[in-house]
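Okay, so here's the structure we're looking at.
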Amino acid sequence: MHYLESDILFTGNSEPIKSGILVVDSHGNIVDVLKNKGLVPAHKIKKIDGALCPGFINTHCHLELSHLKSKLERETGLPAFISQIPHIRKTEQQLIDSEIEKADAQMRQNGIVAVADISNTNHTFKVKENSSIYYHTFIELFSLNPELANQVFDNGLQLEKQCNTPSSLVPHANYSVSNELFALIKNYNRGGLLSIHNQETETEDRMFLDRSGLLFETLTNVHYFTKTGKSAIRSTFPHLPNAKTLLVHNTFSSLKDMKWVNSNSESFYWCTCPKANLYIENRLPNYADFAAANCKITIGTDSLASNDSLSILEEMIVISKYQNVDINTLIMWACKNGAEFLGLDDLGTFAKGKNPGINVLTQLSDTFELTSNTKVRPLNINDL
Ligand SMILES: [Zn+2]
């Protein structure tokens, strides 16, 4: 049995505990969380410099795009970002594979224990299957052409057969899926987790309101698209299966839309990827609106195509730098909410019986808030 004392203990589901003790067995199972270290004989206590928190959950990644690091121009806005992609030279499979392996290792080193990962190909399947990280694979489908709906869906089914991690078939974004393809996904879904890119760019709503704006002008096959006169998410909402759903980005979601979604369903989680938002749009969501609408917020890294690292801690640091969100709240988003979305009862909090992974955070401020120098390392219980 290990009795771990740190400068401060972030449990993921309570106020931070100073001079507390985390009791852990040799397999990493949480045996107890003690608020008073006086209950344990001093010689049994192992002091860890820094703070402890549960392993991080990354709820949005595209591991298969890892080879695109630094290949796409920054701060162009999403429409221009999308249009850069076909011009990128085809990459050798060997390089694609090795970058995927590196990215998986990087996430482990950054204290990430579970990932919701998007796949359009089978490139990542082997790595995800063999990783110590828990992966849920979202097999992502898109096509605005209704005549291609069956073919795109069948390709997704074929891909799903090859995938040995838990998986589900999901729509790419509000603006890139025909009603016919949405219907096939909805009909197939039996409560499996859902994910969709939502309101990532300013003109996404414009497209649905009156078939105009930069996104509309940039997309191909847009002649198939009919306007709805409603915002993007309100337009998509009726097409979604009745399942736990992750809305990804939400950079331009209005407070009205957030409240509307949450009042119509309790199954929605709101994933923020701040560093990718800054990379692509040079803009962050308004986190005060998320709070005002009672959104269940999770954190994602997005891919290395739009980020220079795969680190949930770095995402948290960016949020705390630009907006007023305290570390304890950020840890709840990064751990508890992500685990809850993925349905992983074992992860997300330091609660008795769980095995959530243990992260050590160092270089916090004097008041135990994040600084731009804060670092994370996973604690290996066998090294103690
Ligand atoms: Zn994405």
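A few comments on the model shown:
- Unsatisfied cross-links (Cα-Cα over 27 Å) in the set K35/K244; K275/K354; K230/K296: K35/K244; K275/K354
- Environment charge of L4, counting only residues whose C-beta is closer than 9 Å and scoring Lys/Arg +1, Asp/Glu -1: +1
- Loop-located trypsin sites (Lys or Arg not before Pro) in segment 158-234 whose Cβ has at most 10 other Cβ within 10 Å (DSSP): R190
- Loop-exposed GluC sites (Glu not before Pro) per DSSP, neighbour cap 14 Cβ within 10 angstrom, longest uninterrupted part of the chain: 93-265
- Straight-distance candidates among the aspartates and glutamates for linking to K37, with alpha-carbon spacing under 15 Å and chain neighbours fewer than 8 residues away dropped: E5, D7.
- Using C-alpha pairs below 8 Å separated by at least 6 residues, the relative contact order for the chain is 22 percent.
- Cβ-defined net charge surrounding S267, 10 Å radius [Lys, Arg +1; Asp, Glu -1]: +1
- Principal-axis tilt of helix 179-188 within the chain, Cα atoms, nearest 10 degrees: 50
- Per residue, the convex hull spanned by the Cα atoms of the chain amounts to 132 cubic angstrom.
- Karplus (6.51, -1.76, 1.60) ³J(HN,Hα), θ = phi - 60°, over segment 113-120, in Hz, Gly and Pro reported as x: 10, 8, 9, 9, 10, 7, 10, 10
- Reach of K128 by Cα under 16 Å, taken over lysines that are not fewer than 8 positions away in the same chain: K102, K161
- Value of [θ]222 nm, deg cm²/dmol, for the chain, DSSP H segments ≥ 4, -39500 (n - 2.57) each, nearest 500: -8000 deg cm²/dmol
- In segment 1-45, Cα pairs under 8 Å separated by at least six residues give a relative contact order of 37 percent.
- For segment 286-383, applying the loop criterion from DSSP together with a ceiling of 14 other beta carbons within 10 Å to the trypsin sites (Lys or Arg not before Pro) yields K352.
- Acute angle (nearest 10 degrees) that the helix 93-109 long axis makes with the longest principal axis of the chain, alpha-carbon atoms: 40
- Segment 147-213 - percent relative contact order, Cα under 8 Å, separation 6 or more: 31
- Derived scalar couplings between HN and Hα for segment 134-140 equal 7, 10, 10, 9, 9, 7, 9 Hz in order, rounded to whole Hz, by the Karplus curve 6.51 cos²θ - 1.76 cosθ + 1.60 (θ = phi - 60°), x for Gly and Pro.
- Folded to 0 to 90 degrees: helix 255-264 orientation relative to the chain principal axis, Cα: 80
- Between amide H atoms placed 1.01 Å from N, distances below 5 Å from I48 occur with E5, S6, all of them 5 or more places distant or on a separate chain.
No value in this document is a laboratory result; all are computed from the given coordinates. Since the structure is predicted, the reported quantities are computational estimates derived from the model, not experimental observations. Counting neighbours? That spans all protein chains shown, and the Cβs are built from the backbone with ideal geometry, glycine included.
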